[in-house]
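The values are calculated or read from the model by the stated rules, or taken from the named source; none is laboratory data. Worth saying up front: this structure is predicted, and the values here are computed from it rather than measured. FYI the Cβ positions are ideal-geometry reconstructions off the backbone, even for glycines, and counts take in every protein chain you see.
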């Protein structure tokens, strides 16, 4: 992997597609082992960044489940605006169901905290948060993911669904921005 340019920033290799695929498979198997008696499981993918992770995760999970998507945003460029904007709401009943929220990255946790609070109003049996990437040093919320693929430092990353100014989601590897 070589450095790449996305929009006006240069990024260096961080994680290969092979490393990501292996970890996603491990996580899916771990969740499958935890949820042996679960029926009517609902996976909720957080768009737009999680679409690649969700596709790989649910296939690796390998058991029947419903998959839905929501879109909540709080980012502009490389910075969080701190304001949750729900662009696509969850249109299914969660009452009595196990809900597994699949997220690409959790930084401050404030978006996820607000989203989980809304899900819990629907009286699910259980809510689990699974995040491929987590920046624990930035967490300003009461949310700690139930499962994390990679705990990472406060580097801005792109690829595998994550973007910079709407570009780079299609990259199979993860790259981190080179400081200017």
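Do the conditions hold for residue 122, that is, is it crowded, with 18+ Cβ neighbours inside 10 Å and out of contact with any helix residue (DSSP H, G or I) (no Cβ under 6 Å at 6 or more places or on another chain)? So that I can check it myself, show each step before the final result.
Values: crowded, with 18+ Cβ neighbours inside 10 Å: no; out of contact with any helix residue (DSSP H, G or I) (no Cβ under 6 Å at 6 or more places or on another chain): yes.
Criteria not met by residue 122.
For the range 131-177, which positions are on the phi < 0 side of the Ramachandran plot, touching a helix residue (DSSP H, G or I) at 6+ places or on another chain (Cβ under 7 Å), at pLDDT 95 or above and surrounded by 15 or more Cβ atoms within 10 Å (Cβ to Cβ)? Outline the logic, then answer.
Start the filter on the range 131-177 by keeping residues that are on the phi < 0 side of the Ramachandran plot, which leaves 131-158, 162-164, 167, 169-177.
Of the ones still in play, those that are also touching a helix residue (DSSP H, G or I) at 6+ places or on another chain (Cβ under 7 Å) are 132, 140-143, 147, 149-151, 154, 172-174.
Now drop any that are not at pLDDT 95 or above, which leaves 132, 147, 149-151, 172-174.
132, 147, 149, 150, 173, 174, listed by residue number.
For the structure I just gave you, tell me whether residue 21 is surrounded by 14 or more Cβ atoms within 10 Å (Cβ to Cβ), in contact with a strand residue (DSSP E or B) (Cβ under 6 Å, 6 or more places away or on another chain) and at negative phi.
Here the answer is no, as residue 21 does not meet what is asked.
Residue pairs, Cβ under 8 Å, 6 or more apart or interchain, first in the range 42-64 and at positive phi and without any contact (Cβ under 8 Å) to a residue 12 or more places away in the chain, second crowded, with 17+ Cβ neighbours inside 10 Å and in a strand (DSSP E or B). List them.
No pair meets every condition.
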